[in-house]
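Here's the structure, in structure tokens; my notes come after.
The values are calculated or read from the model by the stated rules, or taken from the named source; none is laboratory data. All of these numbers come straight from a predicted model, not from anything done at the bench. No Cβ is skipped: glycine too gets one built from the backbone with ideal geometry, and neighbour counts run over all protein chains shown.
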Amino acid sequence: MGIIEKMRLDGKKIFVTGGARGIGKSVSIAFAEAGADLAIVDLDIEEAQKTADEIAKNNNVKAIAIKADVTDPGEVESMMDQFLNTFGRLDAAFCNAGICINAPAEEMTFEQWKKVLDINLSGVFLTAQAAGKVMLKQGYGSIINTASMSAHIVNHPQPQCSYNASKAGVIQLTKSLAVEWATRNVRVNSISPGYMGTELTLNSPELKPLIEQWSEMTPTKRIGKPEELQSICVYLAGDTSSFTTGSDFVIDGGFTSI
Ligand code: NAD
């Protein structure tokens, strides 16, 4: 079997949080194109259902939508139960749901701070923990967490200390889980995207000046597309990455190299 065949995900069962749109949707499409059955997990169940239907229609795979708030331990637990009732096992998990609130540190309310940390860091912990429990019992599995280049550098001028702190936390959480579970064949890695233009951001008139600014600041002089994160996630979810754990993959058009 050639390397491309070995990288396929035929028959694998994967959940993606924040999968309704943006990066989560794009990576879900790639997982399905590689042959995986999927659960699109999101707060926005209508959009998640649309994404799951579109994926099932365009690929010969099963795709379902599950409503869950990743910050709620009970909802994460019942999401996992629903997933296992449908698919029977869990091969990979993409813990990707996240938000950003821009506010100067001296003005950021504690509520804003907690909301970002809750979704971006505690949400990744809860979903990775739920996935890990199942995978440790099975004796295999791969978890991919979404961090950000903001874990490595402080991008500016938008002030976002809570976001930067939460994403740095995702990388250390990823490494901690990877080391704890390494001998039990459960791998945990993260991706750190730079500025990416999702359907939503690229079509937003308010964001147009920001996108121009971000493009100018990125060495490639353009921001990335979610499709440019697909292949690394397919690699990490599959069997050819069997010796890769505790790693963070920066995909940022050279931003953090400056
Ligand atoms: P997006 O806003 O387009 O999509 C996020 C999805 O997460 C939405 O469907 C939303 O409903 C869902 N979500 C939000 N809170 C949730 C919760 N509590 N429970 C369940 N689902 C929830 O965002 P995106 O740009 O696709 O970003 C996805 C991830 O990538 C985030 O973690 C983000 O921080 C990270 N990231 C994005 C960029 C970028 O430039 N877009 C760059 C680096 C990292």
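Summary of computed values
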read-out: Only one of Ile101, Ile171, Ile144, Ile153 that is under 23 Å from Thr256 (Cβ atoms), assigned to a strand (DSSP E or B) and touching a residue at least 24 places away in the same chain (Cβ under 8 Å); value: Ile144
read-out: Any hit, the range 89-96, residues being within 16 Å of the ligand (Cβ to nearest atom), more than 25 Å from Lys137 (Cα to Cα) and not in a helix (DSSP H, G or I); value: no
read-out: From the options Val76, Val70, Val27, Val41, residue that is of a type in the set (A, V, I, L, M) and part of a loop (DSSP other than H, G, I, E, B); value: Val70
read-out: Verdict on Ala36 being at pLDDT 95 or above, in contact with a helix residue (DSSP H, G or I) (Cβ under 6 Å, 6 or more places away or on another chain) and crowded, with 24+ Cβ neighbours inside 10 Å; value: no
read-out: Options Pro219, Pro193: the member that is buried (at least 19 other Cβ atoms within 10 Å of the Cβ) and either more than 28 Å from Gly139 (Cα to Cα) or without any contact (Cβ under 8 Å) to a residue 24 or more places away in the chain (or both); value: Pro193
read-out: Single residue of the range 39-64 satisfying the filter (more than 16 Å from the ligand (Cβ to nearest atom) and polar (S, T, N, Q)) that is surrounded by the most Cβ atoms within 10 Å (Cβ to Cβ); value: Asn59
read-out: Candidate set from the range 2-20 (those that are under 18 Å from Ser192 (Cα atoms) and in a loop (DSSP other than H, G, I, E, B)); member that is farthest from the ligand (Cβ to nearest atom); value: Gly19
read-out: Inter-residue pairs, beta-carbon under 7 Å, first under 24 Å from Ala39 (Cβ atoms) and in the range 1-13, second surrounded by 10 or more Cβ atoms within 10 Å (Cβ to Cβ) and charged (D, E, K, R), 6+ apart; value: Lys12/Asp91; Lys13/Asp37; Lys13/Arg89; Lys13/Asp91
read-out: Matching residues, the range 177-197, being among the aliphatic types (A, V, I, L, M) and either out of contact with any strand residue (DSSP E or B) (no Cβ under 6 Å at 6 or more places or on another chain) or within 10 Å of the ligand (Cβ to nearest atom) (or both); value: Val179, Ala182, Ile191, Met196
read-out: Residue within the range 136-146 that is surrounded by fewer than 16 Cβ atoms within 10 Å (Cβ to Cβ), among the small types (Gly, Ala, Ser) and over 30 Å from Glu107 (Cα atoms) present; value: yes
read-out: Residue match in the range 113-134 (condition: more than 19 Å from Asp69 (Cα to Cα), at pLDDT 95 or above, touching a Gly at 6+ places or on another chain (Cβ under 6 Å) and not in a loop (DSSP other than H, G, I, E, B)); value: no
read-out: Residue in the range 110-123 that is more than 14 Å from the ligand (Cβ to nearest atom) and closer than 18 Å to Asp81 by Cα present; value: no
read-out: Residue, farthest from the chain's Cα centre (by Cα), within the range 240-258, restricted to residues that are more than 13 Å from the ligand (Cβ to nearest atom) and surrounded by 14 or more Cβ atoms within 10 Å (Cβ to Cβ); value: Thr240
read-out: Selection from the range 104-118 of residues that are touching a residue at least 12 places away in the same chain (Cβ under 8 Å), surrounded by fewer than 22 Cβ atoms within 10 Å (Cβ to Cβ) and of a type outside the set (Lys, Arg); value: Pro104, Ala105, Met108, Gln112, Trp113, Leu117, Asp118
